[in-house]
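Below: the structure, in structure tokens.
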């Protein structure tokens, strides 16, 4: 899950070196925290949150596969 | 698989270096971007070179490869070159995402017409990858579009499809448009659709454009709007309205 978000985020931003992804695993739900450079925040969120929404959709498809739930949090 | 790293002032430049150095067409290279590079502030401070990793794919058996030698590259028009690279880049990006989901069985075929790249996913995970009402497929398409258009200056449109979903969806939207317009004509009252995305709205507007008995209007704010199908007052109810489906 972590690698998936990390790959997508790095491909979208200007500063891939500043992309940090942390996965906090819970029993049923894991939280994926995505941190990017301040200037890149808009790139991972997108117009009206479209990019963030698309990432969450892909993430939830990936989670269904392993029968878990995942949440994506973008940290400022 | 052998892999090489290349640098350039931007990603496109690095890919071009790789092509020259390896003397291979873009189709045979699997490109991974390590560092997209940046011009820095006013091109002075903090500029970084773009870095890519290239893996060479096995030669496809039925394709003549020898014809694209390094010396022939300068004669190729830059735009044509960019598009073949675009297709390959789009495909390898999608493949990478799928492998991380992970859906191992998925295969991606690519084709291009002008500025449009069509990627078709096949394999037994199609249901998962399409999602409810194509939600996941749309998300993948959106992300791949973003990734591709970040690297290439030329605007490229990427369509991600699986199990012919796009065509099936097109047919069902047009079918719905026809049913709702019938309803509007019979009841002589405006009929409204559910909130739809711009692409689906466009399909409905086009489907009903030729129909003189109704007009279509988008209502609402934001990306999701409803379409109202309004029956035209003139000439309807006259004996000559042979175009109504009820009369056929």
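Key figures
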| quantity | calculated |
| --- | --- |
| Residues within segment B:216-248 that are surrounded by fewer than 13 Cβ atoms within 10 Å (Cβ to Cβ) and either at pLDDT 50 or above or not in a loop (DSSP other than H, G, I, E, B) (or both), tallied | 8 |
| Tally, over segment B:198-215, of residues that are in a loop (DSSP other than H, G, I, E, B) and touching a helix residue (DSSP H, G or I) at 6+ places or on another chain (Cβ under 8 Å) | 2 |
| Helices (runs of 4 or more DSSP H) enclosed by segment B:76-160 - at least 2 residues per element that are within 11 Å of another protein chain (Cβ to nearest Cβ) and in contact (Cβ under 8 Å) with a residue 60 or more places away in the chain | B:78-100, B:135-151 |
| Any hit, segment B:48-58, residues being surrounded by fewer than 19 Cβ atoms within 10 Å (Cβ to Cβ), modelled with pLDDT under 80 and within 14 Å of chain A (Cβ to nearest Cβ) | yes |
| When residues of segment A:61-76 are limited to those that are in contact with a strand residue (DSSP E or B) (Cβ under 7 Å, 6 or more places away or on another chain) and not in a strand (DSSP E or B), the one modelled with the highest pLDDT | A:63 |
| Residue check, residue A:50 surrounded by 17 or more Cβ atoms within 10 Å (Cβ to Cβ) and free of Cβ contacts under 8 Å to residues at least 24 places away in the same chain | no |
| Filter result for residue B:109 (farther than 17 Å from residue A:54 by Cα and more than 10 Å from the chain's Cα centre (by Cα)) | yes |
| Test: residue A:22 is without any contact (Cβ under 8 Å) to a residue 12 or more places away in the chain and surrounded by fewer than 16 Cβ atoms within 10 Å (Cβ to Cβ) | no |
| Among residues of segment A:59-72, those that are away from chain B (no Cβ under 11 Å), in contact (Cβ under 8 Å) with a residue 40 or more places away in the chain and over 26 Å from residue B:151 (Cα atoms), counted | 4 |
| Subset of segment A:42-58 [assigned to a helix (DSSP H, G or I), at the interface with chain B (Cβ under 9 Å from one of its Cβ atoms) and either modelled with pLDDT of 95 or more or within 12 Å of residue B:143 (Cα to Cα) (or both)] | A:43, A:50, A:51, A:53, A:54, A:55, A:56, A:57, A:58 |
| Breaking point among (1) at pLDDT below 95; (2) touching a helix residue (DSSP H, G or I) at 6+ places or on another chain (Cβ under 6 Å), for residue B:147 | (1) |
| Residue within segment B:157-178 that is crowded, with 19+ Cβ neighbours inside 10 Å, within 23 Å of residue A:52 (Cβ to Cβ) and touching a helix residue (DSSP H, G or I) at 6+ places or on another chain (Cβ under 6 Å) present | yes |
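Residues checked against (1) part of a strand (DSSP E or B); (2) over 9 Å from the mean Cα position of the chain (by Cα); (3) more than 9 Å from chain B (Cβ to nearest Cβ):
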| residue | (1), (2), (3) |
| --- | --- |
| A:4 | no, no, no |
| A:10 | no, yes, no |
| A:24 | yes, yes, yes |
| A:27 | no, yes, yes |
| A:33 | yes, no, yes |
| A:40 | no, yes, yes |
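The values are calculated or read from the model by the stated rules, or taken from the named source; none is laboratory data. Just so it is clear, the model here is predicted, and its values are computed rather than measured. Positions of Cβ are backbone-derived with ideal geometry, glycine not excepted, and every protein chain shown enters the neighbour counts.
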